[in-house]
Amino acid sequence: MIRQLSIYNYALIDSVELNLCEGLTILTGETGAGKSVMMGAISLLMGERVDSKVLANREGKAVIEGVFDSVAPGLKAVFDANDLDWNDGQIIVRREIGANGRSRAFINDTPVTLPLLTEVAGGLVDIHSQHSNRLLSKPDYQLSVIDSIADNADLVIDYKNDFARFVSLRNKIKKLRDSMERNRENRELRAFQLEQLTKINPKKGELEEVERDYDILSDADDLRSRINQAASLLSMSDTSAISLIGDAGASIDGIDFSLFESQGDASQPSLMDRLRNAYIELKDIGDTLARIASGIESDPVRLSIADARLKELYEAVKRFKAADYEALVDLYDSLKKENTGGFEKVEELNALESEARKLGETLKEKAEKISISRAVAAKKFEETLTADARPLGLRNLRFNVNISKGKLTPDGKDSVEFMCAFNKNQPLMPLSQTASGGEMARLTLCIKAITANKLKLPTVIFDEIDTGVSGDIADRMGSMMADIASGMQVFAITHLPQVAVKGKWHFLVYKHDEGERTVSHVRSLGSDERIREIARMLSGKEINEAALTNARALLEG
């Protein structure tokens, strides 16, 4: 519950500090006094978004802080998951809004995101106003009401865990099937590639060999002519190089060249030896050239074959997107060695599908148990709500919980719809289509009275939920709020004296001019002040003795 509430520099409020207790706390004040400002400040603690317009003094920042205790133990898991300090169940929530409209949120002095603040605040306070009456028309909320009465939380949690596991299994099955399909398509592609490459049959080194043959065959006549000419110049004519070297050797044969080499190195070959070596080398070169030339033949057929093979190999490298010819050969080798039967995981798929089928049957059984508990709770809820609501001016109310069954969802297999008729001879219709604002408010209060303790909310705030009623009905609504407050902290913002007198505590929201500004204040009322406030609510600004007497009577009653 909220133990302390501090508001600084927010809208019309300069500074408010309240110490709060359990039970029913009443907030009253004239229209425009600042009650909505109070609610806006509390809403900020619950995670509502803000802008810079909320600052009373734009040179400072707005700060709203709430201290909560008796916090539901279930929130500890949220704190642990987000590395927040758990101070024996006491939570301090703070919002700070700067002049630029940017806000910061803190839980136990640790900065937190707005979504996390909203998650934590949802377990601290339930704010209900006329604006939020539409929540009662939502199927999810209606289902949660029935579940709270059915007291089937353990069943539902168990089912939700299994359903989450079931969804996870189905996702695994889908991923595995998709993978197997991709593998199948991949196998078909690679089988096609293997078939095409088998026809081409590329071999290592083949491209280089074919390119060499093509270069020779495409220019055979010119190559042969030039090589033969070189061979002739070296050794195959009377004026060839080796003939001239032979003549040179004959000319100097018998000359003692040592006579001319007085300082020469005796280990060096003689000039005749060098000529003989040159003769032998040139003759060997000439013979080699002649042999090469004799092997070169013009062959248009072979040239055509080489040309076609080159084009086939070049096109294959391009078509299979290989980096080069060697990569193409490697691809062909890998496709021949590949075990294409190892892609499917049929056994794994069968095991997952079997597990999913068994879990699906379990889910159906658990969903049926939940459905039975809801049917019993719905019948009880119909009777209790009708009995509680009729004294609030809904004497002709007929109420029915329509539960329809469908496919399994995270909440079970049930869809819930509240059906109402507020007048005689009126057919039952969905609540959202038939209830007025006042009727919706009274039904909401009855539902809160039935479910408040079961939902284990530490604090409930009713913001003018009693608008549009008066007299005996207002008195009964006040009594109902007091009953709810017997087990928790309840705040009621009201304009009705019949409701205000039911409170254990009473705060007055008021404003007055301070210089150039109008400022809102909040103060706790003592016994005499409370009598005067109830009298004001009864008679207006002019408080006479009759109003005071009536106020005392209401409070004593």
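The values are calculated or read from the model by the stated rules, or taken from the named source; none is laboratory data. In this text, all values refer to a predicted model and were calculated from it rather than measured experimentally. Quick reminder, even Gly has a Cβ in these numbers, built from the backbone with ideal geometry, and neighbours come from all protein chains shown. Ligands, DNA and RNA are stripped out before the accessible areas are found, and what is left, the full protein with its side chains, is counted by its heavy atoms. Shrake-Rupley method; radii C 1.70, N 1.55, O 1.52, S 1.80 Å.
Tabulated results
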{"item": "Asp147 vs. criteria modelled with pLDDT of 85 or more, under 30 Å from Thr444 (Cβ atoms), open to solvent by less than 80 Å² (accessible area, probe 1.4 Å) and of a type in the set (Asp, Glu)", "result": "yes"}
{"item": "Test: residue in the range 510-517 that is over 23 Å from Ser6 (Cα atoms) and either out of contact with any Lys or Arg (no Cβ under 9 Å at 6 or more places or on another chain) or at pLDDT 90 or above (or both)", "result": "yes"}
{"item": "Odd one out for Arg442, checked against (1) buried (at least 18 other Cβ atoms within 10 Å of the Cβ); (2) under 30 Å from Gly360 (Cβ atoms)", "result": "(2)"}
{"item": "Residue list for the range 187-202, restricted to those being surrounded by 11 or more Cβ atoms within 10 Å (Cβ to Cβ) and of a type outside the set (A, V, I, L, M, F, W, C)", "result": "Arg187, Glu188, Arg190, Gln193, Gln196, Thr198, Pro202"}
{"item": "Subset tally (residues that are open to solvent by 40 Å² or more (accessible area, probe 1.4 Å) and of a type in the set (A, V, I, L, M, F, W, C)) for the range 450-472", "result": "1"}
{"item": "Hey, Val78 touching a helix residue (DSSP H, G or I) at 6+ places or on another chain (Cβ under 7 Å) and part of a helix (DSSP H, G or I) or not", "result": "yes"}
{"item": "Residue selected from the range 318-331 under the condition hydrophobic (A, V, I, L, M, F, W, C) and either surrounded by fewer than 16 Cβ atoms within 10 Å (Cβ to Cβ) or more than 44 Å from the chain's Cα centre (by Cα) (or both), by the criterion nearest to Gln193 (Cα to Cα)", "result": "Val329"}
{"item": "Among (1) closer than 24 Å to Ala452 by Cα; (2) in contact with a helix residue (DSSP H, G or I) (Cβ under 7 Å, 6 or more places away or on another chain); (3) of a type outside the set (A, V, I, L, M, F, W, C) - the single one Gln90 does not satisfy", "result": "(2)"}
{"item": "For Leu335: the one exception among (1) modelled with pLDDT under 85; (2) farther than 17 Å from Phe192 by Cα; (3) surrounded by 13 or more Cβ atoms within 10 Å (Cβ to Cβ); (4) of a type in the set (A, V, I, L, M)", "result": "(2)"}
{"item": "Every residue from the range 379-417 that is surrounded by 15 or more Cβ atoms within 10 Å (Cβ to Cβ), within 22 Å of Met481 (Cβ to Cβ) and among the hydrophobic types (A, V, I, L, M, F, W, C)", "result": "Phe381, Leu385, Ala389, Leu392, Leu394, Leu397, Phe399"}
{"item": "Residues of the range 31-47 satisfying the condition of being touching a residue at least 60 places away in the same chain (Cβ under 8 Å) and touching a helix residue (DSSP H, G or I) at 6+ places or on another chain (Cβ under 8 Å)", "result": "Leu45, Met46, Gly47"}
{"item": "Residue within the range 418-436 that is open to solvent by less than 50 Å² (accessible area, probe 1.4 Å), on the phi < 0 side of the Ramachandran plot, part of a strand (DSSP E or B) and free of Cβ contacts under 8 Å to residues at least 24 places away in the same chain present", "result": "yes"}
{"item": "Members of the range 95-125 found to be in a strand (DSSP E or B), under 27 Å from the mean Cα position of the chain (by Cα) and either within 20 Å of Arg3 (Cβ to Cβ) or not polar (S, T, N, Q) (or both), listed by number", "result": "Arg95, Arg104, Ala105, Phe106, Ile107, Thr110, Pro111, Val112, Val125"}
